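Each remark here refers to the structure printed beneath this line.
The values are calculated or read from the model by the stated rules, or taken from the named source; none is laboratory data. Note that the structure is a prediction, hence the values are computed from the model and not measured. Here Cβ is always computed from backbone atoms with ideal geometry, including for glycine, and neighbour counts include all displayed protein chains. Note: areas computed on protein heavy atoms with side chains; ligands, DNA, RNA excluded. Shrake-Rupley method; radii C 1.70, N 1.55, O 1.52, S 1.80 Å.
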Amino acid sequence: MALFTCQNVTVGYEGKAVAKNLNFAINSGDYLCIVGENGTGKSTLLKTLCKLKSPMDGNILTGENLKGADVGYLPQQTELQKDFPATVKEIVQSGCLNKMGMRPIYNSTEKKMAKDAMEKLGIDVLAKKCYRELSGGQQQRVLLARAICAAQKVLFLDEPVTGLDPKVTEELYNLIENLNKNGLTVVMVSHDIDAAVKYASHVLHISKNKYFYGTTQEYLSSKAFTLFNNEKGTNCHE
Amino acid sequence: MSNIIDTLALYMGYPFVRYALVVGILIALCSSLLGVTLVLKRMSFIGDGLSHVAFGAMALGTVLNFTDNMLIILPITTITAVVLLKSSQNAKIKGDAAIAMLSVGALALGYLVLNVFSKSANVSGDVCSTLFGSTSILTLVAFEVKLCIVISIIVIAVFIFFYHKIFAVTFDEDFVKAVGVPANLYNTLIAVIMALIIVLAMNLVGSLLISALIIFPALSAMRIFKSFKGVVICSAVISVFCAVTGILISILASTPVGSTIVCADIIMFLLFSIIGRAKEGV
C-alpha cells in the first residue's frame, strides 16, 4: 500500500474549499512536486497531509505503518522566527523531538543525528551561531537539517527556496535530490515549475476546479503543463 | 554603610521579611523562566489579561466570603488561560482583541463587585493593595509561604523536565505538530504553569505589575544572549537579582515593594539594551 492515498480529498481554510476532489497516491521513494498558482491550496494540501489540518471532505489513508515520528517538515518561515534567540544547534536538535518521547534530554544517538545533519548541509561550522544572524539561505538549511532529523520516511517541504538566490537554490535542490536518492520520500510545494519537472518523479498540478496528477513524463506532455507555461509567459509581471 | 547593614540585619530578624524574600525570589525565578516563552510566542499580553482575570476572581472570592481566596482564583485563572490559548488559534475574535476584552472586563467587574458587595470599610485601599501589591507580600503567613514553595518547585521541575519540548513549541509549533509530537498538550501545560505563576505573583507585585515581572527579564536577556538556553538562564538571574534588590530597597526606603522591583527591572533593561547596542557596534 502507498504511504499516502488521497480519496476525493477537499482541502480549504476558514470554511472555504480551495482544492476539491483530489485523488492521488504517494509511494515510498517518490519525489512529488505540488505546483500551481497562488491561492489554489498547495500549502493547505501539504498542511493537511502533515495532519496540521483535517481535510474538509474525503479520506487520507496512510500505509506502511506510517507514524508521526516518521515525518519531517520544513514549513514556511514565520515572522516570529526572524528574531528568535536560538543557536543553530538548538534548532537542529529540536528535530529529534519526535524520537525522545517523555525523556527530558537528548541521548547520544539523537545528538549525533543532529551533528550528521548539520555536516550534511554544511552548517556544522555555524552550530554555535545565532539563527537570527544567518542569511536566508543558511536559515533555510538549518530548518532543512531539523526536518531531516525528524524524517525517517517522508520529508514535507513548503516552498523551500523562497527568497533564495539562484546559486543557493540550486544547492538546496541538489541536497533534496540526494536525500530522495537515499530513500527518503519527498513531497514539495513549489512555485518553480522548471525545478519541479527537472527533479521530481511525480507532479501534482492544482489549478482552479481541476488538477493534474501523474509522473513527470506524463506531466510534460499534458495540457496542464502547456497551459501553465503559456500563462507564465503572459503573467510574468506577477 | 554600616548603618544600612544594621538596619537590614534588624529587619532580617522579623519572619515576615524573610518570608517576603523567599517568596520574592521564587516568584521572580518562575515568572522569568516562562517569560522567555511568552515573549517569544508573542503572548506577553496573555499574562496581563490573566492577571486581571485573577483580580476579578479574587474580588468574587472576597465577596463570597471564601476562607482562602486561592481556592477560587487558581481554578478560574487556569481555566481562562487554557481557553485563551486554545481560542487564539481559531477564533472569530482575534487573539489580542479577546485578551484585551477579557482583561478590561474582568478588571471592571471585579472592582464593581467589590464596591457594591464588600463589607470592608476601606474598599479603595483593598483594591489598591491587590492591584499594586503594596503590602500583601509583607503580610504573608507561614502557610502561604509553604504553598508558594510547593507551587514554585512544581513550576521549575516541569520547566526543566519539558525544557526541550517547550523550546520546540515556542520556536515552531507547526513543526512540532507535523512530526507527531502532541504540541497542544505542551501548549496547555504552558498555559497552566502561566496561570499558577500569575496567581502566585499577585502576592508579590499585585496584578497590574505581573506582566512586568514576566516580560522585563526576558527582554533584557534577549538584548545580549543569542542562544535560548543563555536567554533563559540570564533572565532568571536578572529577575532574582532585581527581586532581591527591590525588596531590600523597599524595606530601607519604605517604598511599595511591587513598584520598586519593577523599577529595578526597568533599570536592568536599559542597562542591557545599552550593552547590547555597544556589542553590536563593535
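Per residue of peptide B:158-167, the mean number of Cβ atoms on other chains within 10 Å of the residue Cβ is 3. Taking amide hydrogens as placed 1.01 Å from N in the peptide plane, the amide H of residue A:28 sits under 5 Å from those of A:3, each at least 5 positions away in sequence or on another chain. Overall shape of the stretch A:52-157 was characterised from the C-alpha gyration tensor. The equivalent ellipsoid obtained from it has semi-axes of 25, 18, 12 Å, in decreasing order.
Charge tally around residue A:9: other residues with Cβ under 12 Å, Lys/Arg +1 each, Asp/Glu -1 each, net +1. When the C-alpha to C-alpha distance is required to be over 24 Å, the pairs from A:51/B:86; A:51/B:41; A:153/A:208; A:153/B:177; A:128/B:165; A:89/B:86 that qualify are A:153/A:208; A:89/B:86.
Element breakdown for the stretch B:153-282 at a 1.4 angstrom probe: carbon and sulfur atoms account for 76% of the accessible area. Coupling constants for the stretch B:122-128 follow from the phi torsions by the Karplus curve (6.51 cos²θ - 1.76 cosθ + 1.60, θ = phi - 60°), and in residue order they are 10, 5, 4, x, 4, 4, 4 Hz; glycine and proline get x.
Model label sites at residue A:198 and residue B:86, defined 7 Å from Cα along the beta-carbon direction, differ in position by 4.8 nm. Each Cα pair of chain B feeds into the Kirkwood radius, which the Stokes-Einstein equation turns, at 25 °C and 0.890 mPa s, into a diffusion coefficient of 126 µm²/s. Taking a ≥ b ≥ c as the square roots of the eigenvalues of the alpha carbon gyration tensor, the stretch A:4-45 is oblate, as a/c is not under 1.5 and a/b does not beat b/c. For the stretch A:83-233, averaging the sequence separation of C-alpha pairs within contact (under 8 Å, six or more residues apart) and dividing by the residue count gives a relative contact order of 19 percent. Rounded to the nearest 500 deg cm²/dmol, what is the calculated helix-only ellipticity per residue at 222 nm for chain A, with -39500 (n - 2.57) per DSSP H run of length n ≥ 4? That comes out to -10500 deg cm²/dmol. Cβ-Cβ distance of residue B:241 and residue B:112, R₀ of 35 Å, FRET efficiency by 1/(1 + (r/R0)^6): the value works out to about 0.35.
Cα convex hull, the protein assembly as shown: 178 Å³ per residue, rounded to a whole number. Counting Lys and Arg as +1 and Asp and Glu as -1, what is the net charge of the other residues whose Cβ lies under 12 Å from the Cβ of residue B:186? That works out to +2. Taking the longest Cα principal axis of chain A as reference, the axis of helix A:223-234 is set at about 80 degrees.
In the assembled protein chains, residue A:215 presents an accessible area of approximately 50 Å² (probe radius 1.4 Å).
A 1.4 Å probe run over the protein assembly as shown, with the rest of the protein chains in place, finds 45 Å² accessible per residue.
Buried surface for the B/A pair, taken as the accessible area of each chain alone minus that of the pair with a 1.4 Å probe, is close to 2800 Å² in total. Could you please state how large a percent of the accessible area of chain A is carbon and sulfur, counting protein chains only and using a 1.4 Å probe? Here it works out to 50 percent. The magnitude of the dipole of chain A, with charges of +1 and -1 set on the Cβ of Lys/Arg and Asp/Glu and taken from the Cα centre, is near 600 debye. Normalised by the number of residues in chain B, the average gap of Cα pairs under 8 Å and 6 or more apart makes the relative contact order 31 percent.
Averaged over the residues of peptide B:34-44, the number of Cβ atoms from other protein chains lying within 10 Å of each residue's Cβ is 1.
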